[in-house]
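The next block holds one structure in the form of structure tokens; read it before the comments.
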Amino acid sequence: MGHFLRTCLAIAALLGAYAFAFGLPFGNEGAQLPDTQAAPTGRGPGRGGAGRPGGGGGGRETVAVLEIVEVTPYSQRITALGTAQSRASVALVAEVSGRITALSLPADRQVAEGAALVTLDSEREAAELRIAEAELARTTDALDRYETLAASNSGAVQASALSEARAAQQTAQARLELARIALDERVIRAPISGRASLSDLSVGQSLSSDDAVTTIDDTARLVVSFELPEKALDLLDIGTTIEARAPARPGEVYVARISAIDSRVDPVTRGVALRAEIDNAKGDLRPGTALHLSVAAEGEALPVVPETALGYTAQGIRVWEVEDGLARERSVLIRARQDGRVWVEADLQTGATVVADGATRLREGAAVTGLGATAADPTRRGEGDGPAPTTRRTPDGQDIADETVDSPNDAARSAPSPRPEGRG
């Protein structure tokens, strides 16, 4: 007996919870609908009540917030991430071996082209230069004597001897030039003007050939390499300016100019490689700095709908257009978003009305009662020329704005009377 009572109590509790959540399935024909007259009783399936069109939703109108579609061009910013590089960069290495006798490598300081950075011991090379100079002087004197005798027509100098003297003098000249080159190689100089990087060298240290000395970067102008989608090609050309921002320097905006555009599209990323130059005369940016680049682009004129009007289904994205008081489903393709507005490709014209809020229970052909149709800009909602939002009376007798009613079912839940019957 006790088990039977517990079972009955459980069933009663379930029925009570169902009635509280969904309303009674019968006996509610006199329930009051928002902003309309009481729904008449005795309606058959598929037939609307008095003063209401038939159609989807069992003959009942759905109350929804409507907004007017505008067709306007959309502006968007195409962004990319790039890395700044120096326009010219040289990794300096030693060409000869030796011991460092003098060092002038100011880290992160500007160095001029041709400035001496590292000096190696050069006693041997200096001695070889003096020998080469002496040999050149000796062969030059010998050649002068032979040419003087040959000019006197005395016959004391044979033509072969004069030729050998000239060859000896030219060989001495070449050896002198080699000696000068060898001596000059004992001094490592800056090949370009720019900023020198950190170096671990010190005076007295032995340096071998091909050892790294330092890196010099010309930072007066920086080059940024980045990639943009191929659709941006129509917006860019050589000389086009774009904005660059460095996370390391918030608030600073740098102007970059396109200097090179790749001739092909990457078949994997569908992007195009570009390079832009930034004037960095102040030295604010360093090579390797991450930069966010953006370019403004204005697209074609497309219908604008509020973001809340979009519905997502297995078949795609849709909005509900209201024509002659009836809901019509329209498939859309999103092109751009901005501040709660969405530009879409859809069969919508200027002045069309779409459901901005309250489309949860809509079906094709359902009757729709609108609340305050305004333009699609969310910031202007309620400020347009459309009708003012409807009001409803609370149990305590106060009239309040009712802008969030999705359907008669939602309105019925907020009213003191039970929910209207959901069956035909």
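Each reported figure results from applying straightforward, stated rules to the coordinates on display, with no laboratory input. Worth saying up front: this structure is predicted, and the values here are computed from it rather than measured. Heads up, the Cβs are rebuilt from the backbone with ideal geometry, glycines too, and the neighbour counts pull from every protein chain shown.
Among residues of segment 336-362 being outside any loop (DSSP other than H, G, I, E, B) and of a type in the set (Lys, Arg), the one that is farthest from LYS231 (Cα to Cα) is ARG341. If the condition is being under 11 Å from ARG328 (Cα atoms) and surrounded by fewer than 22 Cβ atoms within 10 Å (Cβ to Cβ), then segment 349-361 contributes only THR353. Scan segment 305-335 for residues that are touching a residue at least 12 places away in the same chain (Cβ under 8 Å) and not in a strand (DSSP E or B) and the total you get is 6.
Go through the residues of segment 189-196 one by one and say whether even a single one is aliphatic (A, V, I, L, M) and over 30 Å from ALA246 (Cβ atoms). No, because not a single residue in segment 189-196 is aliphatic (A, V, I, L, M) and over 30 Å from ALA246 (Cβ atoms).
I'd like to know if segment 336-346 contains one or more residues that are aliphatic (A, V, I, L, M) and more than 21 Å from the chain's Cα centre (by Cα). Yes, the conditions are met somewhere in segment 336-346. Consider GLU147 carefully, then state whether it is in a helix (DSSP H, G or I) and over 30 Å from ALA346 (Cα atoms). So GLU147 passes the test.
Here is the figure for segment 75-107: residues that are part of a strand (DSSP E or B), hydrophobic (A, V, I, L, M, F, W, C) and buried (at least 16 other Cβ atoms within 10 Å of the Cβ) total 7.
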